[in-house]
1. Go through (1) 0.92; (2) 1.37; (3) 1.25 and flag the label whose value is the computed Cα Rg over 2.2 N^0.38 Å for this structure.
2. Modelling each spin label as a point 7 Å along the Cα-to-Cβ direction, I'd like the residue 78/residue 96 distance in nm, to one decimal.
3. What does the charge add up to near residue 84, with Lys and Arg as +1, Asp and Glu as -1, over the other residues with Cβ less than 12 Å from its Cβ?
4. Say each of residue 127 and residue 18 gets a label point 7 Å from the Cα, pointing the same way as Cα to Cβ; how far apart are those two points in nm?
5. Write down Rg/Rh for the range 44-97, rounded to two decimals, with Rg from the C-alpha atoms and Rh from the Kirkwood relation over Cα pairs.
6. For the range 80-142, rounded, prolate or oblate, judged on the Cα gyration tensor with a ≥ b ≥ c (square roots of eigenvalues), a/c < 1.5 rounded, else prolate if a/b > b/c?
7. Would you work out the charge dipole size for the chain about its Cα centre, treating the Cβ of every Lys and Arg as +1 and the Cβ of every Asp and Glu as -1, and quote it to the nearest 20 debye?
8. With Cβ to Cβ distances under 13 Å as the rule, what net charge do the other residues near residue 147 carry (K, R +1; D, E -1)?
Amino acid sequence: MVTEQAAPAQQPRDEDAVSAFVERFAAQLVEAGMPRMPSRVFAALLASDAGVMTSAELGDALQVSPAAVSGAIRYLAQVNMVTREREPGSRRERYRVHSNQWYEALTNRDQILKRWEGTLRDGVASLGPETGAGRRMSETLEFFQFLEKELASLMERWREHRDRLYGDS
């Protein structure tokens, strides 16, 4: 005889605790260099059960204007930390944070690293590799080349680790 298991009951969310988390995590993102409003919007999306919110929902949750949300979303979309999607049957957009947002954000840095490497190579050539500035530029170039190589390997190991933990989700 097969018995159905009841879904685990969800505990009610303590909205004050959630809000405190959002502001604390956003402040830490700001300390790391992310602009304030994108940090708050990202933290709010991350803390939402569905990982999806509309502009109005974000504005209400954060007590900010639609313009502030719009600017934050534009930034987050540019750095691949959120995606925009249309609500089915509506013209309204909603914004989604994915479970793999950190992976996506880091792997998309590859293009930036390549551009920096090209510019740094030009800098070494124009400054002269034997000058103090040229040596610093050369070391910076070597660091970014090392980082690019290691990042690819690190991301592959992360995918394998994530698949072991969560399956192919």
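1. (2)
2. Label at residue 78, label at residue 96, 2.4 nm between them.
3. Its environment carries a net charge of +2.
4. Modelled inter-label distance: 4.9 nm.
5. 0.93
6. Prolate.
7. Around 460 debye, computed over the chain.
8. Net local charge, residue 147 excluded: -3.
No lab work stands behind these numbers, since they all come straight from the coordinates. Here the structure is a predicted model, which is why all the values come from computation and not from measurement. Ideal geometry is used to build each Cβ from the backbone, glycine not excepted, and the neighbour counts take in all protein chains shown.
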